[in-house]
1. Look through ILE166, ILE155 and report the one residue that is closer than 27 Å to ILE99 by Cα and out of contact with any Lys or Arg (no Cβ under 6 Å at 6 or more places or on another chain).
2. Applying the selection to region 322-345, what residues are over 19 Å from the mean Cα position of the chain (by Cα) and either surrounded by 16 or more Cβ atoms within 10 Å (Cβ to Cβ) or of a type in the set (Asp, Glu) (or both)?
3. For region 103-131, which positions are surrounded by fewer than 16 Cβ atoms within 10 Å (Cβ to Cβ), in contact (Cβ under 8 Å) with a residue 12 or more places away in the chain and assigned to a loop (DSSP other than H, G, I, E, B)?
4. Take the conditions more than 16 Å from the chain's Cα centre (by Cα), within 18 Å of GLN243 (Cα to Cα) and surrounded by fewer than 20 Cβ atoms within 10 Å (Cβ to Cβ) and apply them to LEU288. Does it pass?
5. Here is a list: SER281, SER340, SER312. Which entry is hydroxyl-bearing (Ser, Thr, Tyr), closer than 18 Å to ILE57 by Cβ and out of contact with any Asp or Glu (no Cβ under 6 Å at 6 or more places or on another chain)?
6. Given the condition modelled with pLDDT under 95, assigned to a helix (DSSP H, G or I) and crowded, with 17+ Cβ neighbours inside 10 Å, answer yes or no: does some residue in region 18-25 qualify?
7. Mind checking whether some residue in region 252-270 is in contact (Cβ under 8 Å) with a residue 24 or more places away in the chain, farther than 30 Å from ASP237 by Cα and outside any strand (DSSP E or B)?
8. Among residues belonging to region 270-285 that are at pLDDT below 95, surrounded by fewer than 19 Cβ atoms within 10 Å (Cβ to Cβ) and not acidic (Asp, Glu), point out the one that is farthest from TYR256 (Cα to Cα).
Amino acid sequence: MSCFNHTKLIFSYVAIFFISLNSFAQNISKTGTTAASFLEIGVGGSANGMGGAFVSIANDASALYWNASGIATLPNYEAIMVRTNWIANTKFDFAGLVIPLSDFGTFGFSFTSLSMEDMIVRTIENPEGTGELFSAGDIAIGISYARNLTDRFSIGVTAKYIEQSIWHMKASAFALDLGTLFKTDLFGGMTIGTSISNFGTPMRLEGRDARYFIRVDPTKQGSNERIPTNIDLDTWDLPLFFQIGVSTYAFNYNDYSLVVSADAIVPNNDFQSLNVGAEFSFMDFLRLRGGYKSLLLEDSEGGLSFGLGVSSKMLLSIAIVNFDYAYRDFGRLQNVHSFSVGIKF
């Protein structure tokens with residue numbers, strides 16, 4: 001089957017799924033109605049270079065984010081470190097470790113952080129600053145387990161703790177990610193991946209900035225003016241999203257190959273969209289990537305992405321180190337650069 005026909009079939013499968021969801025589509029966008037938006041930032045130079053169309057590929061330690069079942073297919077210990085220069089001068093970091101334990105399955109550990117520099121505390125009375133600084137940041141800590149149920153089908157789950165903080169206030173939640181991978185004999189070995197991310201508890205800010213003192217009855221003498229009370233803040237859901245993706249080789253020869261992929265995304269805080277991507281590999285040393293994120297999503301910023309990856313054996317072939325870079329276009333917002341280093345040992 002030709003490269004064109006392979007690609008056309010992949011996009012057709014995802015398009016059928018995508019169109020079938022339109023009957024359930026929401027008429028009003030819910031953008032900005034969920035907490036912990038940092039959980040929606042894609043992880044890894046390889047995945048981001050392919051426009052985020054990575055759910056059915058999940059072939060490195062970044063699978064801890066994209067599809068936990070993918071770590072069951074990794075034969076070696078693997079670690080990854082990611083740094084992304086995110087929007088508004090913030091820094092997004094991810095670190096992951098995959099530990100295969102033979103027939104028992106595969107464990108993974110991950111840490112995610114969104115951070116920024118300290119900022120000046122300003123008030124109406126002191127618009128130039130009070131002399132104090134405040135910070136804000138987000139973290140997520142996850143533990144994953146995956147297993148191959150057959151030689152074609154794997155399943156994985158991630159349990160994670162999520163926390164957001166700003167000055168004296170914090171919000172926390174617990175969530176689960178679930179994923180599957182199924183390898184077929186269709187169209188050159190097409191792989192189908194599914195994942196559901198951030199199924200968990202809502203978040204509510206708590207802390208001393210929501211605490212103040214009142215006088216219950218100011219009309220009565222002797223009434224206590226220091227009765228403590230707390231502002232009852234709203235709860236906010238996590239950014240829950242379901243993804244289904246397909247990928248296959250458009251061609252696969254000894255020294256070079258081309259993988260094409262497509263993912264359909266159904267979030268609880270926006271309309272459905274489509275990610276598409278491709279990766280050309282030369283001698284398992286050089287990889288060139290391209291993709292488009294949030295295809296068919298109205299009012300999205302940018303979407304094009306490009307990437308480059310190189311692989312190098314080190315320490316007398318004991319370890320393989322992968323260096324990956326991805327560029328993402330965000331339209332009117334600043335462009336985003338992502339760097340990742342993966343080590344297989």
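The values are calculated or read from the model by the stated rules, or taken from the named source; none is laboratory data. Just so it is clear, the model here is predicted, and its values are computed rather than measured. Here the Cβ positions follow ideal geometry from the backbone for every residue, glycine too, while neighbour counts run over all protein chains shown.
1. On the way: ILE166 fails: closer than 27 Å to ILE99 by Cα.
Just a single option satisfies the conditions, and that option is ILE155.
2. ASN322, ILE343, LYS344
3. If the condition is that a residue be surrounded by fewer than 16 Cβ atoms within 10 Å (Cβ to Cβ), in contact (Cβ under 8 Å) with a residue 12 or more places away in the chain and assigned to a loop (DSSP other than H, G, I, E, B), then MET116, GLU117, ASP118, VAL121 are the ones that fit.
4. Numbers: more than 16 Å from the chain's Cα centre (by Cα): yes; within 18 Å of GLN243 (Cα to Cα): no; surrounded by fewer than 20 Cβ atoms within 10 Å (Cβ to Cβ): yes.
In short, no.
5. Working: SER340 fails: out of contact with any Asp or Glu (no Cβ under 6 Å at 6 or more places or on another chain); SER312 fails: closer than 18 Å to ILE57 by Cβ.
Among SER281, SER340, SER312, only SER281 is hydroxyl-bearing (Ser, Thr, Tyr), closer than 18 Å to ILE57 by Cβ and out of contact with any Asp or Glu (no Cβ under 6 Å at 6 or more places or on another chain).
6. So the first thing to find is which residues in region 18-25 are modelled with pLDDT under 95, and the list is 18-25.
Retained after the next criterion (residues that are assigned to a helix (DSSP H, G or I)): 18-20, 22-24.
The next check asks that each one be crowded, with 17+ Cβ neighbours inside 10 Å; those that pass are 18.
Yes, region 18-25 contains a residue that is modelled with pLDDT under 95, assigned to a helix (DSSP H, G or I) and crowded, with 17+ Cβ neighbours inside 10 Å.
7. Yes, there is a match, as at least one residue in region 252-270 is in contact (Cβ under 8 Å) with a residue 24 or more places away in the chain, farther than 30 Å from ASP237 by Cα and outside any strand (DSSP E or B).
8. Only one residue tops the list, namely PHE285.
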